[in-house]
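In what follows, a single structure is set out as C-alpha cells and then discussed.
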Amino acid sequence: MDHLKVYILCLCFVLSLATLHGPDSQEAKKTDETSDDDEKPVENLETDTPSETEYYNEISEAFKKQIISMQEYAYAVSKESLESAQSESNLEQMEYTLKLLRNSLLKQTEPNWMPPGKSSDTEGKEFEDMEENPQDILDTLPPLPEEEEVELSPEMKEAKAIYDAAIEKLERRSPDLRGAILQVKQAADSGYVPAKIKLAWSYIYGEGVELDVSKAKKIFEELSEQGNADAHAGMGFLYGTGVGVPVSQARALVHYTLGSLGGSDYAQMALAYRHWAGVTLPSSCPKAMDLYMKVAHKVAGQVSLSGGPAVQRVRLMDEAEGGSAGAALDTDLIEYYQLLAEKGDVQAQVGLGQLHFQGGRGVTLDLNKALHYFQQAAKTGNAVANAFLGKIYLEGGDGIKADNETALRYFRKAAELNNPVGQSGLGIMYLQGRGVPKDTATAFKYFAMAANQGWVEGQLHLGFMYFGGIGVRRDFKQANKYFSLASQSGHVLALYHLAQMHAQGLGVLRSCTTAVELFKNVCERGAWGARLMLAHAAWRARDSDSAFLQYLALAERGYEVAQSNAAFLLDDGETRLFPEAERWRRALQLWGRAAAQGCAGARVKLGDYHYYGQGTPRDLDAAAHHYRIAADHLHSAQATFNLGYMHERGLGLARDLHLAKRCYDLAADASPDARLPAALALARLHAHSALESLLESLSQSPLAFIFLTGESTFLSNWDLYLITVLVGALGLVIYLRRPNQQV
C-alpha cells in the first residue's frame, strides 16, 4: 500500500504542475491537420488563435484523454505491484509511466508554457522524436505484466482436450451434433468450467440433449456464485426472458452488468442493446458504443481476411408464406450440382467448392472437399478455381498445411486471367513478403486492380494501406471510401474499421449513432451468429420449442431477425412454453423490438395486434399509426392495403373512398403479390360507389322515398332493401347495355 500511496502522490504532483503552467500562459496555436506535423510560426495571435473558452475546452479534452489512458495503464501496473513481490521493478515502471504522463500532458500545450530549465532538456531527449499521436505514446509503454495461466491438473487437461475437440466439430457445423455435445458433457462432468457453461446452454436449447431449463439454471447458479461471467450472462438471460424463472428485469440487469464487467460477450451485447434501444434502461449511445466496441474488437480479432463462414439469416414469416419449397430447392440443387460435378462440369465444381469453402445452405464447412472440387476445376484452367486454391494454401487449416510457394503459383495463374481474387491474393503476398520480397508498391497495384473489379478484399486492403499510410500517404478520406465499399459486401473487418473511424472522427464527422450501428453489425457477425441457422434447422425439424429458445437467446443480444422469428413462433402458436394470454403479450413485445429496428413485417404485426386487440386492448388509432409508419417509411404493401381498408370502412380513420382507392393503387404498385387483392378491393369499391350513386339518384323519387325510409304498411324492411338492390342492379344493367349514340 505504501508504494501505491507514493504513486498517487507523484501523479497528483504532475497534474498540479501541468495545471500551474496552463491557465496563465498564452493561447496555443492550432495546427493544420493536413500538414506533415510541422509547427507553424507563432504570429498574429490576436486573429488566428481560438477564443479563450474554446481553447481551454480543447486543452482540457486533451488532458482528459491522456489522463484516462494513463490511469488505466497505471491502475493495471499498481494492481500487479500489490500482488507481486518485485516492488522495486514495479516502482521503476511507475516512474517511467509518470514521465510519459507528464511529457504527454505538456506536449498537448504550447511549448512556451514550459519554463526553460535543465529538466526540460534532459527529460525531453527521451521523447524528442515522439509524434503527437497519443496512440504512439501508448505504444512506447513497456508491456503490462502477463497474467499467468492457472496450471491445470492432468484430469483438467484431458477434459480441456475433449472440450476443444467437441467445439471444433461444432464450429465446422459437423452433422454429428449429439456426439459433440456428449463430449462436452464428458468434459463438464470432469469439472471443466467452459464445458459446464456450454452444457447449460445446450440444456436450454435442447441441443444434443433433452431440453431441461432447470438443469441449466442449476449450473448457472452454481457458477455465478463463484463469479463466473458467462454464468452471470446465463442468469441474465433467464431473468430477462422469464424462462424457467419469473421475469425480473432488475435481476437481469444486475447479472448482465456483472457478466459484462467479467468480459462475457453475451452480457456485453445484451447490455449494449438495452442501452442502445432504451430497453428497461435509459437510452445512452456512449455506453452502448463502449460495450459494442469491446465485443467488436473480439470479433475482428477472430475473423480471417476472407471474412469467415457465411451465415444465412432466414425470416420465418417470409419462408412460411412460401412453404417448404426453399429448403427442398436447396437440397435438390446441391444434389444436382454434385451429379454435374462428377460428370466434369467445371461451373458445378467451382460452385460446390465455394459452398464447402464458406459453408451454408445445408453444406458443411469442409476445406478438404473444397480443395478437391477446386483442383478438379483448376485442371481446365478455370481462373476462380485457381484463385481459391491460392486462398486455401495461403491460409491453411483443417489438416491442410499453409504453403506460400503453392499459393503464389495459383494466384499468379488466376491473376494472369484477370481474376480479382488472384490479384488480391498476390497483393497480400507482396504486402506481407510471403514467398516474394516485400513490396508495398506492387501490393498496392494489385489491390487497386482487384478493387476496380469490385472485389471486396482488394477494397479492404486499399483501405488498410490508406488508413495506416502503408506504401502511400496516409489519407483517412480514401480509407473511409474503400472501407465503405468493402462494407457493402458485409465484410466484418471493413465494418469494424469504418466504425472506428466514425467513433473517432477520422476522415468523417464523428458520429456516435453511426458508430454504434456499425459496431453492432460487427458484433452480430461473431461466431455466435451461426446459431441462427441452427435455430432454423430446429424449426425445420418441427422442434419449435428448441428453435424458439435459440431465437430468444439471440433476441436478447439484439438480433432483429431473431426477435421477429421468436415473435413469429409465439404468434403462430408453435411453442407451448407459455399460457395463451402471456404468449400474445410476449409476441407483442418482441414484435415491438423488431419493429424499432426497422422490420416492416414486425411493424405491420404491431398494427394487427392493436387492430384485433391481441396482447393489448383494441386500439384502432394505434393500429392506423403503425400501418402508416410501415407504409410511408418501410414501403410495406400490406400496410398500405390495410390503410385503404380502414379508410373504406371508416375504422380508426376518416371514411374516404378516394383515399381508400389511392391506398389500394399504391399497394398494387408496391408489390406484385398485392395486385390481385388490390384489384378485388378496387372492384368492390367501384361497385359500392356505383350503388351509392344509384341510390342517391333514386332517393329523389317519391316511390324510392317510401322504399328507402320504410314508410309502407305492407312491405318489411328486408323486402324494401331487396327491392332497392334489385332496382339498382336493373338500372346498372340498363345503363351498361345502352346503345352508343352518335354526337
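Of all residues in the range 522-560, exactly one satisfies the criterion of being outside any helix (DSSP H, G or I) and of a type in the set (A, V, I, L, M, F, W, C), namely ALA541.
Exactly one residue out of GLU556, GLU582 is touching a Gly at 6+ places or on another chain (Cβ under 7 Å) and closer than 19 Å to LEU238 by Cβ, and it is GLU556. Regarding ALA562, is this residue out of contact with any Ser or Thr (no Cβ under 8 Å at 6 or more places or on another chain) and buried (at least 18 other Cβ atoms within 10 Å of the Cβ)? Yes, satisfied.
Scan the range 347-359 and tell me whether some residue there is modelled with pLDDT of 80 or more, open to solvent by 80 Å² or more (accessible area, probe 1.4 Å) and either assigned to a helix (DSSP H, G or I) or of a type in the set (D, E, K, R) (or both).
To start, the set of residues in the range 347-359 that are modelled with pLDDT of 80 or more comprises 347-357.
From what's left, open to solvent by 80 Å² or more (accessible area, probe 1.4 Å): 347.
Next cut, either assigned to a helix (DSSP H, G or I) or of a type in the set (D, E, K, R) (or both) only: 347.
Looking through the range 347-359, at least one residue is modelled with pLDDT of 80 or more, open to solvent by 80 Å² or more (accessible area, probe 1.4 Å) and either assigned to a helix (DSSP H, G or I) or of a type in the set (D, E, K, R) (or both).
Given the structure, is LYS520 open to solvent by 50 Å² or more (accessible area, probe 1.4 Å), of a type outside the set (Ser, Thr, Tyr) and either in contact (Cβ under 8 Å) with a residue 60 or more places away in the chain or closer than 24 Å to SER304 by Cβ (or both)? For LYS520, the condition - open to solvent by 50 Å² or more (accessible area, probe 1.4 Å), of a type outside the set (Ser, Thr, Tyr) and either in contact (Cβ under 8 Å) with a residue 60 or more places away in the chain or closer than 24 Å to SER304 by Cβ (or both) - is not met. Within the range 257-288, the set of residues being in contact (Cβ under 8 Å) with a residue 60 or more places away in the chain, open to solvent by 50 Å² or more (accessible area, probe 1.4 Å) and not hydrophobic (A, V, I, L, M, F, W, C) comprises PRO286 only. Checking each residue of the range 559-567 against the condition of being closer than 18 Å to TYR239 by Cβ and acidic (Asp, Glu) gives no match. Meeting the requirement of 3 or more residues that are surrounded by fewer than 17 Cβ atoms within 10 Å (Cβ to Cβ), the helices (runs of 4 or more DSSP H) wholly within the range 585-677 are 620-632, 657-670.
Quick grid of which residues meet (1) in contact with a Lys or Arg (Cβ under 8 Å, 6 or more places away or on another chain); (2) more than 21 Å from GLU517 (Cα to Cα):
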residue	(1), (2)
ALA553	yes, no
VAL561	yes, no
ASP571	yes, yes
PRO579	no, yes
TRP584	no, yes
ALA594	no, no
PRO617	no, yes
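Can you work out which of the residues in the range 368-377 that are out of contact with any His (no Cβ under 9 Å at 6 or more places or on another chain) and open to solvent by 20 Å² or more (accessible area, probe 1.4 Å) is nearest to TYR446 (Cα to Cα)? Here the answer is GLN375. Evaluation of MET156 against the conditions (1) under 30 Å from LEU367 (Cβ atoms); (2) at pLDDT 85 or above shows that the sole unmet condition is (1). Within the range 397-430, the residues that satisfy the criterion of being buried (at least 16 other Cβ atoms within 10 Å of the Cβ) and aliphatic (A, V, I, L, M) are ALA407, LEU408, ALA414, ALA415, VAL421, LEU426, ILE428, MET429. State the number of residues belonging to the range 561-584 that are in contact with a helix residue (DSSP H, G or I) (Cβ under 8 Å, 6 or more places away or on another chain), in a helix (DSSP H, G or I) and without any contact (Cβ under 8 Å) to a residue 40 or more places away in the chain. Residues flagged as in contact with a helix residue (DSSP H, G or I) (Cβ under 8 Å, 6 or more places away or on another chain), in a helix (DSSP H, G or I) and without any contact (Cβ under 8 Å) to a residue 40 or more places away in the chain within the range 561-584 amount to 8.
So that you can scan it fast, the table gives a plain yes or no per residue for (1) open to solvent by 50 Å² or more (accessible area, probe 1.4 Å); (2) assigned to a loop (DSSP other than H, G, I, E, B); (3) among the charged types (D, E, K, R):
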| residue | (1), (2), (3) |
| --- | --- |
| VAL184 | no, no, no |
| ALA188 | no, no, no |
| GLY191 | no, yes, no |
| LYS215 | yes, no, yes |
| GLU221 | yes, no, yes |
| GLY236 | no, no, no |
| GLY240 | no, no, no |
| HIS255 | no, no, no |
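Against the condition part of a loop (DSSP other than H, G, I, E, B), out of contact with any strand residue (DSSP E or B) (no Cβ under 7 Å at 6 or more places or on another chain) and modelled with pLDDT under 90, how does ARG684 come out, does it pass? No, not satisfied.
The values are calculated or read from the model by the stated rules, or taken from the named source; none is laboratory data. Predicted, not measured: the structure shown is a model, and the values here were computed from it. Every residue, glycine as well, gets a Cβ built from its backbone with ideal geometry; the counts of neighbours run over all protein chains shown. Areas reflect the complete protein model, heavy atoms only, side chains present, ligands, DNA and RNA absent. Shrake-Rupley method; radii C 1.70, N 1.55, O 1.52, S 1.80 Å.
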